[in-house]
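Step one of this worksheet: look at the structure below.
Please treat every number below as a calculation from the coordinates, not as lab data. In this text, all values refer to a predicted model and were calculated from it rather than measured experimentally. Cβ sites come from the backbone with ideal geometry, for glycine too, and all protein chains shown count toward neighbours.
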Amino acid sequence: MESLLSIAHVAKRFGGVTALADVSLSIAHGEIFGLIGPNGAGKTTLFNVLTGLCAPDAGEFRFDGEHLRKLTPHRMAVRGIARTFQNIRLFANMTALENVMVGRHVRTRAGIAGAILRDRATRSEESAVAMRAHELLEYVGISARVNELAKNLPYGDQRRLEIARALATEPKLLALDEPAAGMNATESAALKQLLERIRADSVTVLLIEHDVKLVMGLCDHVAVLDYGRKIFEGAPREVQHDPAVIEAYLGGALA
Amino acid sequence: MSDLISHWQNLKHNSRVVWIVYAMLALLLAVLPFAVSAVAGNAWVRILASVLLYIILALGLNIVVGFAGLLDLGYVAFFAIGAYCYALLASPHFGLHLPAWLLLPTGALVAGVFGVLIGAPTLRLRGDYLAIVTLGFGEIIRIFLNNLDAPINITNGPQGVDRIDPLQFGALSLAHSHQLLGLTVPALYNYYYLFLLLVLGVIFISLRLEDSRIGRAWIAIREDEVAAAAMGINTRNIKLLAFAMGASFGGLAGGLFASFQGFVSPESFTLIESVMILCMVVLGGMGHIPGVILGAVLLVVLPEALRYIGDLQNATFGRVVVDPSDLRLLLFGLALVSMMLLRPSGLWPSPIRKREFAAGE
């Protein structure tokens, strides 16, 4: 079967710093793909390139059977890649419900005229949007906080809200940038359950994570980046014994 | 005060009470010009009409600044475009006298187009940088109006355009007094009622826009543009839409202003006007429609009311100690500083930020 996303020879430089060099990956339909690596390895840069936030210097992208050219953030969302952010970027002064409703923007149509006239089509679209948003808040487990402002939610719930907002765009690929960062053991166990549920609902997940236990227990495939290069790709079991990975994490002398 | 508000919150659930309040408000607004002219004279009815114009302007700017978070310091340019659009097409200047029902929407449309034209080059800018560039565009429009009297006389330059047609819809001219239910409604009052009607329309449109897919997209861009784009919002188009909608309100107000005054000149559209409109939005409470209306009312009425300080000084001291116009600017500055210190989110900020407490109901 053709993979959902395959990228080939992606490169990105910031001035003299090579953030990504010749990175190739392929992610299969319906899997959880883990992307790990030491700090500054280029994981988030790869995410940003993939979601159109920064333009790559070179590389080819195939997503869902199509070549992608000229990536811009909103087009990537239209294509079906949704993301969360390492440092949470919610719409702070909107309620949890409104945040998720914004996620529905890309799959709905109402314009200015519809907003002013509120014809039947617009009204039914609006109520469908609200209903779907409620469902998604329930899905990620924060339905008790529907009307709270995003900025007033506890940290773990903000992470969940970001996932709900991303899911609202009906992504084929959900890209999560360190969703477990700052979570305690209970919270990250609950997150693991949520991600398993998302995979079971046939959304492919690309996961950047530092929590090794989470990655090992959850991912079907893992790739390791170090200084912008891919040094490993394979099953989670193998990664722990790979000398290049050990060297990257622990330094050359110990390998 | 807070008791009163919570009492009102309870009453709000009673739809009959709400209707009675609205009916009383409508009655109040309907008799207001008669009452005001009886107490304070016709000059104050004129001020009422200009309050209504500024409400339209402030609500227009509120879409750009309050909803979409784009700091626009050249907003008065759209007011000017609407005004000149009306003035040039309904005055002896070109000998054109197009009907008002055509010109008012045209003014809004032309201003909306200019909103997109001026908005487009600024799309990559944010915050202070955007403010500076829009300020520049606002001045460019005014300077154009000032200088387009040569080589071909289009705007009549600094002299402005005069003898602009009053508003007329079919046989109904707003320039004459009418008999209604045994009451004589003078020309000035006609304008008041028309403006009031249009203000209600603009409030209605603002409210509907705020609570819609487009409105949410605007607010999302204000909150976090990067995240909004990542959620699939085409930030370029949605920002241009905000510029266009805001500008069209300004254009409508401009057309009304031109017909109401009968005269327009570039000096009505200076930077200080943009700043005043922005102050109305900020003082009232950015993004909150009732707050913005309050801001507009206060910033038009208070400076006018302060004119009486001169008379008051004469009565007490026998002479004018402080020139009232100096006092106005002084108090204006004082009001802005104390607002920033005491109520940084405006006099009447959005209560949606309190909605969370009502979630249990």
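Given contacts defined as C-alpha pairs under 8 Å and at least six residues apart, what's the relative contact order of chain A, whole-number percent?
About 27 percent, as a whole number.
Taking segment B:65-165, which trypsin sites (Lys or Arg not before Pro) meet the DSSP loop condition and have no more than 15 other C-beta atoms within 10 Å? Kindly include the intermediate steps, with their values, before the conclusion.
Details: sites: B:124, B:126, B:142, B:163; in loops: B:124, B:126, B:163.
Hits after loop and neighbour filter: B:124, B:126, B:163.
Could you identify which residue out of A:201, A:211, A:22 has the top mean-square fluctuation in a GNM of chain A using Cα springs shorter than 10 Å?
Among A:201, A:211, A:22, the largest mean-square fluctuation in the Gaussian network model of chain A belongs to A:201.
How charged is the neighbourhood of residue B:75? Take every other residue with its Cβ under 14 Å from the Cβ of residue B:75, and add Lys/Arg as +1 and Asp/Glu as -1.
Here the charged neighbours net out to -2.
Percent of Cα-Cα pairs per 10 Å bin, from 0 to the last occupied bin, for chain B, please list those.
Pairs per bin, as whole percents: 5, 21, 31, 26, 14, 3, 0.
In segment B:98-165, with Lys and Arg counted as +1 and Asp and Glu as -1 at Cβ, which of these residues, B:122, B:111, B:136, has the Cα nearest the positive end of the dipole, that is, farthest along it?
So the residue we want is B:122.
Once phi is turned into ³J(HN,Hα) by the Karplus curve 6.51 cos²θ - 1.76 cosθ + 1.60 with θ = phi - 60°, what whole-Hz value does each residue of segment A:208-225 show in order, with x for glycine and proline?
Listing the rounded values in order: 9, 7, 9, 6, 4, 4, 5, 5, 5, x, 10, 7, 8, 9, 9, 10, 10, 9 Hz.
Of all trypsin sites (Lys or Arg not before Pro) in segment A:106-137, which ones are in loop regions per DSSP and have a Cβ with at most 12 other Cβ atoms within 10 Å? List each step's numbers first, then the result.
Working: sites: A:107, A:109, A:118, A:120, A:123, A:132; in loops: A:109, A:118.
Within segment A:106-137, the qualifying trypsin sites (Lys or Arg not before Pro) (loop, at most 12 other Cβ atoms within 10 Å) are A:109.
Kindly flag which residue pairs out of A:43/A:213; A:172/B:239; A:151/A:213; A:12/A:151; A:70/A:151 have an alpha-carbon separation exceeding 22 Å in this structure.
Values: A:43/A:213 18 Å; A:172/B:239 27 Å; A:151/A:213 29 Å; A:12/A:151 33 Å; A:70/A:151 34 Å.
The pairs that break the limit, which is 22 Å between Cα atoms, are A:172/B:239; A:151/A:213; A:12/A:151; A:70/A:151.
Under a 5 Å amide H to amide H cut-off, with H placed in plane at 1.01 Å, what residues pair with residue A:142 once short-range neighbours are removed?
Amide H neighbours of residue A:142: none.
For chain B, set up a GNM with springs between Cα atoms under 10 Å and report which of B:320, B:264, B:185 has the largest fluctuation.
For chain B, modelled as a Gaussian network with Cα springs under 10 Å, the answer is B:320.
Between beta-carbons, use under 10 Å as the cut-off and find the net charge around residue A:57, counting Lys and Arg +1, Asp and Glu -1.
Numbers: positive: A:12, A:13; negative: none.
Once all neighbours under 10 Å are counted, the net charge is +2.
Counting only DSSP beta bridges with both residues in the protein assembly as shown, tell me the antiparallel percent, nearest 5. Write down the numbers at each step before the final one.
Values: 28 of 44 bridges.
Here the antiparallel bridges make up roughly 65 percent for the protein assembly as shown.
Could you tell me the center-to-center distance, by alpha carbons, between segment B:156-171 and segment A:159-200 in angstrom?
Centre-to-centre distance over Cα atoms comes out at 62 Å.
Counting other C-beta atoms within 10 Å, and keeping those with at most 15, which DSSP coil chymotrypsin sites (Phe, Trp or Tyr not before Pro) do you find in segment B:77-181?
On the way: sites: B:78, B:79, B:84, B:86, B:94, B:101, B:114, B:129, B:137, B:144, B:169; in loops: B:94.
Of the chymotrypsin sites (Phe, Trp or Tyr not before Pro), the ones in loops of segment B:77-181 whose Cβ has at most 15 other Cβ atoms within 10 Å are B:94.
Amide H of residue A:31: which non-local residues (sequence gap of 5 or more, or other chain) have their own amide H closer than 5 Å, using H built in the peptide plane?
HN-HN under 5 Å from residue A:31: A:205.
For residue B:93, what is the net charge nearby, where nearby means another residue's Cβ is under 13 Å from its Cβ and Lys, Arg count +1, Asp, Glu -1? Intermediate results must be reported in sequence, preceding the final value.
Numbers: positive: B:163; negative: B:149, B:162, B:165.
Result for the local shell: -2.
Would you list the membrane-span-like helices of chain B, meaning whole DSSP H runs whose alpha-carbon atoms span at least 24 Å along their axis and whose mean Kyte-Doolittle value is at least -1.0? Present the calculation step by step, with values, prior to reporting the outcome.
Values: long enough: B:15-40 (35 Å, 2.09); B:42-61 (29 Å, 1.94); B:100-119 (28 Å, 1.98); B:127-147 (30 Å, 0.92); B:187-210 (35 Å, 1.55); B:235-261 (39 Å, 0.82); B:289-306 (26 Å, 2.27); B:324-342 (26 Å, 1.65).
Those that pass (Cα extent of 24 Å or more, hydropathy at least -1.0) are B:15-40, B:42-61, B:100-119, B:127-147, B:187-210, B:235-261, B:289-306, B:324-342.
Please list the non-local residues whose amide H lies under 5 Å from the amide H of residue B:178, H modeled 1.01 Å from N, same-chain partners needing a gap of 5 or more.
Hits under the 5 Å cutoff: B:185.
Most mobile of B:340, B:280, B:245 per a Gaussian network model of chain B (Cα springs, under 10 Å)?
Result for chain B, Cα springs under 10 Å: B:340 fluctuates most.
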